[in-house]
Amino acid sequence: MLKVLIVDDEAPTREWIEFCIRNSNVECEIIGPATNGHEALELFKQHLPQLIFTDIEMPSMDGIELLRSIKVDYPSANIVLLTCHNNFSYVRDAMRLGAAEYILKSEISKETVADFLEKYNSIVQNQLQHEFYSIPKHFPLGEANFTGEPQDIDLLTKKIMKKIEERQLDSVEHGVKELIEQLLRSKPSDVHQVKKEVAKLLRIIVEIFDKSPLDLRDEIDLFVMECSYISQLQEYTETLFRRLEKYAFASNKLSGYISTVLEYIGKHYANPITLNELAGVVNLNTDYLSRLFKEEVGCNFITYLTQVRLENAAIMLRETDMKIYEIAEAVGYPNLSYFSRNFKRYHGVNPFEFKRLDDDALVSRRVSK
């Protein structure tokens, strides 16, 4: 899907370009719109659109200054200038600064916009394919030697579905790892479709195995579709399977002691809870409670408290307008840096990235024919 930003201080021009995009055959996501360069620059930094249509003459910050600002950090950005007959001197300056091309406003039509979309969608998809399958040398997948025989991806997916039906979580995880390695081997050209299919498979897995208090399906599309590299996809799936394992104990019968302890943690997780405090709540010896907790819950008290705090932090990031430091304090982390490290270790991204990704999903409008 091609991300497109439209920048123009004249509403009719913005609306006409958006109409043309809606009537094209290229699947697009429209960011914005923006009415001047300052607004556009903020939207660009938040969403990193792959194609920008921008007017040259605008109040506050014009298209030339916007072009210059974007090209400093993103020299490969694709920027198409919208111009009138009387400002070709601006166009010369813009082309020297790295504008992709320009179009006269009087010549904007469904056909010309469609031509731009098809051209840059092809360029972007080629870039995405190359970037998506590039693996950092330090990353485990980068060291894969693929000694086994290539496997048909559809057949491998069917095998995974079989293991899902048999409720074999370990085998399902192994199958997903194999699938990602096969994707790396075969490098399908439609990266967007690859991510859609992986997200669909992960949603099915979560629907069967998820015992957490959150519906993890809500975040799968958010993270999978935003992955820029297949290594990020593998990191996320590993994090997801670890979370499914942690909550697997929920299907088991808990003793009254542990049920009371979990309920207490759920109400007081924002406070500095100690094991001694919990032992006092249920009138048990601290050592005995520690062993009982590990046996029934599957992890120690500190690990469980941490995941409860971080799951609730994710809910607050998704559903409130609270500042990140306020959320950190609300879930029991007075130190923002420590909170951010723990959040990234658990969720795969830091809270700032998590909030940005979720805001993208809420604000962006998906546009297709």
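The values are calculated or read from the model by the stated rules, or taken from the named source; none is laboratory data. Here the structure is a predicted model, which is why all the values come from computation and not from measurement. Cβ: placed from backbone, ideal geometry, glycine included. Neighbour counts: every protein chain shown.
Values computed for the structure shown
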item: Every residue from region 160-176 that is in a helix (DSSP H, G or I), surrounded by fewer than 17 Cβ atoms within 10 Å (Cβ to Cβ) and not hydrophobic (A, V, I, L, M, F, W, C); result: 162, 165, 170, 171, 174
item: Answer residue from region 131-159, given it is of a type in the set (Ser, Thr, Tyr) and in a loop (DSSP other than H, G, I, E, B) and is modelled with the lowest pLDDT among those; result: 147
item: Unmet requirement for residue 66, which otherwise passes all of (1) outside any helix (DSSP H, G or I); (2) within 27 Å of the chain's Cα centre (by Cα); (3) in contact (Cβ under 8 Å) with a residue 24 or more places away in the chain; result: (1)
item: Residue check for residue 284: surrounded by 14 or more Cβ atoms within 10 Å (Cβ to Cβ), at pLDDT 85 or above, not in a helix (DSSP H, G or I) and not assigned by TED's automatic domain parsing to the domain that holds residue 237; result: yes
item: Test: residue in region 15-24 that is of a type in the set (Lys, Arg) and either surrounded by fewer than 17 Cβ atoms within 10 Å (Cβ to Cβ) or not assigned by TED's automatic domain parsing to the domain that holds residue 57 (or both); result: yes
item: Subset of region 4-32 (residues that are without any contact (Cβ under 8 Å) to a residue 60 or more places away in the chain and under 24 Å from residue 228 (Cα atoms)); result: 5, 6, 32
item: Any chance residue 314 is assigned to a helix (DSSP H, G or I) and at pLDDT below 90; result: yes
item: Count of region 25-54 residues which are crowded, with 17+ Cβ neighbours inside 10 Å and outside any strand (DSSP E or B); result: 12
item: Residue 296 being of a type in the set (Asp, Glu) and closer than 20 Å to residue 242 by Cβ; result: yes
